[in-house]
Each structure stands twice: as structure tokens, then as C-alpha cells.
1. Given the criteria charged (D, E, K, R), surrounded by fewer than 17 Cβ atoms within 10 Å (Cβ to Cβ) and part of a helix (DSSP H, G or I), does Lys120 qualify?
2. Could you tell me which residue of the stretch 284-316 is nearest to the chain's Cα centre (by Cα), considering only residues that are surrounded by 14 or more Cβ atoms within 10 Å (Cβ to Cβ) and of a type in the set (Asp, Glu)?
3. Please find, among Arg48, Arg102, the residue that is outside the structural domain of Gly256 (by TED's automatic domain parsing), among the basic types (Lys, Arg) and either modelled with pLDDT of 85 or more or surrounded by 14 or more Cβ atoms within 10 Å (Cβ to Cβ) (or both).
4. Identify the single condition in (1) more than 30 Å from Arg129 (Cα to Cα); (2) touching a residue at least 40 places away in the same chain (Cβ under 8 Å) that Asn239 does not satisfy, given that it satisfies every other one.
5. Which condition does Glu269 not pass, out of (1) touching a strand residue (DSSP E or B) at 6+ places or on another chain (Cβ under 8 Å); (2) without any contact (Cβ under 8 Å) to a residue 40 or more places away in the chain; (3) among the acidic types (Asp, Glu), if it passes all the others?
6. Just name the residue that is modelled with the highest pLDDT out of those in the stretch 1-22 that are surrounded by 10 or more Cβ atoms within 10 Å (Cβ to Cβ) and not charged (D, E, K, R).
7. Taking the criterion of being at pLDDT 75 or above, surrounded by fewer than 11 Cβ atoms within 10 Å (Cβ to Cβ) and not in a helix (DSSP H, G or I), would at least one residue in the stretch 63-70 satisfy it?
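The values are calculated or read from the model by the stated rules, or taken from the named source; none is laboratory data. Quick caveat, the model's predicted, so the values are computed rather than measured. Positions of Cβ are generated from backbone atoms using ideal geometry, with glycine treated the same way; all protein chains shown enter the neighbour counts.
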Amino acid sequence: MLIIAEWLSRGIPTGKEKKQRTIEAAADIEMILKIIKKTDLNSDDAMRIVQLLKKRELVDIAIVKPEKGNVLFLDFLEEFWDYDASPYIRDKLAHGHSIGKRHCYDSMNRLNSHWLPAFKDKRLNSITRQDLKSFSLALADSGLAPATINKIMAVGTTCLSWAFLEGYIPTDPTVGLVNFSGEAKKRGVLTLQEAQSLFAIHWKDKRAYVASLLACTTGLRSGEVLAIKREDIEERILNVRHSWSHYDGLKKPKNGETRRVPLLPEVRENLLELADDNPHGSDGYIFFGNLANKPVDRDVLLQGLQKALADIGIDATRKIVFHSWRHFYAARMADRMAAEKISRITGHKSKAIFDEYADHITEENIEEVGRVGAEVFGNILQFKKGA
């Protein structure tokens, strides 16, 4: 920088003058190197030198090794996704953000299945953008779906970005990485006629039958269905206050919002009958399990649905799952109502959109959705076969 300042003052040297200046510059560099050798530099000093060299495009990748970043990457990554030990998760929860144990569990599985074999013995402060890019391309070459690759990559990139912000590493190696695009595998959805046939037959497990009937006519998520208690049921309204997760237990619904959903009389009747069947007491979970303080496992609801599907000749290739009811409800109601009115009831939206409309969910809106729902699902409700 001193040499450049001199050039700006005296002009760029040529001929003998240029040669002389080159000799002087070399002498200056030697003096700089001697100073570096004698000076007690810390990581911040080293970072300033590296950034200057990178700015002048004299180096491309330079890794400064601060002490707290000089740890095994996989050890750091494992602690990062440990729900009970992670400083990242503790910070998220302290600021009111939602992050569930199930998400951490899935991240741990992806860590062990994909990151562990590829980054064994690598240090946190040695991970480069090229390492991440090569890893992502290897995942693509293995034939994984784009959405799956993005989820796997997020396990490491979320951690690395946080490590940079917290000063564990001097640069963020995730900058510039591009997500993979492509259509996600779509869940199957029944037709209205198929749904009518499904609820017309006998189901072995009454809990599975009522759960599917509820999800079909309200668009509730499976966790929201499992969390329902008698106290949530009004005359024409179902209050969706909680969701149940095997990993987190009882928690708020997705996006943190509670909502009121129109409840058709026939569905309400089935819910109350099931509550009376609860061996742990009618005030417990409607979809009761073996333990009084826990609802039935969601797999029971899925298996009951799959058995009923098989009985009417719909095989697994259709990819009908319990969450398919949510899409079924939205699709059928969208035939008759504006999507925005439906989304206020289902919570089928981003948190930002919900915040914008939350104050406008009126009793009139609920009644309108209820009237249309009764018309749309009337042929389904008339069967009421159950178990």
C-alpha cells in the first residue's frame, strides 16, 4: 500500500527507475517478513493480513486457525444438533423461535448417514466452499431427489453459517452455494368418489376411522388430530390449540398459531363417542393410546387408513398417506371458495401470511366455511360406518 501511494504521488516507474523500485519493494517485503517472524501475532492480526492479500487477488483461499474453530467438524456438528446441549438451539428457543426435537432427530440421522462418511477427521476451520460443493454434487450423483439433497445440505450449512456469525471460523464457506431445484415427489390424493367409498366400508380401528374423517373434513395435520381433547370441542367449532409429537410431546401447532375450525355435526358426534370409549377417562385424549398421558401412535392412524385403502382396491403406488387428507380438503374446498378464506381455517400458509390475516378470522368466515364443508362432504358423512 505504501508503494502504491508512492506511485500515485510520483508516477509509475519505468526503465531503470522501475528496476530500482522493484529492488526497493523486494527489500520492503523482506523487512515485512522479518517483522512478522518477530511479532507475536494473534488470529485477528492474521485475518487482517489474509483479507488484504485476498483483496489484492494474490490468494484465493486462506484459512486462519483461531483456537475455538480448530476442532473436529463432526464433533461440532453433532453438538450443534443435540437438542439438549446445542447453544444454537438454546439461542433460538430463548428468542421465541420454534425448533422441535423431531427436526433435530432427523438432522442427526442425516449427519450420520451422509456427513460422517464424507468429512471424517476434517477440522471446522478447514471446511471450504469447494468441499461443500463437491459434497453436494456427490449427493446428486447418488440419485437422491433435489429436495432430499437440500435437506441433507442444510444440516451442515446451517451449522457453518452460525459458526461464522459466532466467530468460530473467519469466513462463511456456505456463501454462494445454490440449492438444487426439481419437483418434489407429490403425495397422492383421493377423488371425492374414492373418499365416499372409503368411509362407506367397515374400519377395524375406530380411532383410525374418526381421525381420517376429522382430517378429511377439516384439513387438520396428524399432530393436531392426536392432540384433540373434549375441552377443545364446542357445538360447531373445534379449537386447534396444540399438536402432538412423539419427540416433543404436547406443543403449539405449526407456526405457533391456534385457530378455530368449523366442526360438522356428524364429525363432532363421532369425536364425542370416541371420547366416551377412552379407558383412561373421557377428558383425556380423544385418540387415546395405552398410556393415559399420551395419545395413540400416529402409525396406528396411518395403518388403519392403509388397510381401508387396500380394502377398496387402492394400492401403495398411489402414495396416499395421512397428510393426503390435508391436500384433499384444500382441493375440494377450493372448488367452492376463495383460497384465502380456506387458508384462514387450515393454517395452510406461512407465518407472515397468517399474521397478516389473523385479525380477520371472523365467526362469519367460520360459518361460511362450515356451510360449504357440509355441502362438499355431505355424501361422505351420510355413511358413518366407522368400526
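1. Spelling it out, it is not the case that Lys120 is charged (D, E, K, R), surrounded by fewer than 17 Cβ atoms within 10 Å (Cβ to Cβ) and part of a helix (DSSP H, G or I).
2. Asp297
3. Arg102
4. Status for Asn239: all satisfied but (2).
5. That leaves (1) as the condition not met.
6. Filtering the stretch 1-22 down to residues surrounded by 10 or more Cβ atoms within 10 Å (Cβ to Cβ) leaves 3-4, 6-7, 10, 12-13, 17-22.
After this cut, where a residue has to be not charged (D, E, K, R) as well, the list is 3-4, 7, 12-13, 20, 22.
Working: Ile3: 74, Ile4: 70, Trp7: 71, Ile12: 70, Pro13: 66, Gln20: 57, Thr22: 55.
Of everything passing the filter in the stretch 1-22, Ile3 is modelled with the highest pLDDT.
7. Scanning the stretch 63-70, I find no residue that is at pLDDT 75 or above, surrounded by fewer than 11 Cβ atoms within 10 Å (Cβ to Cβ) and not in a helix (DSSP H, G or I), so the answer is no.
Conditions (1) at pLDDT 95 or above; (2) of a type in the set (Phe, Trp, Tyr); (3) crowded, with 16+ Cβ neighbours inside 10 Å, marked per residue:
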position: Ala154; (1), (2), (3): yes, no, no
position: Cys159; (1), (2), (3): yes, no, yes
position: Val189; (1), (2), (3): no, no, yes
position: Thr217; (1), (2), (3): no, no, yes
position: Leu220; (1), (2), (3): no, no, yes
position: Ile237; (1), (2), (3): no, no, yes
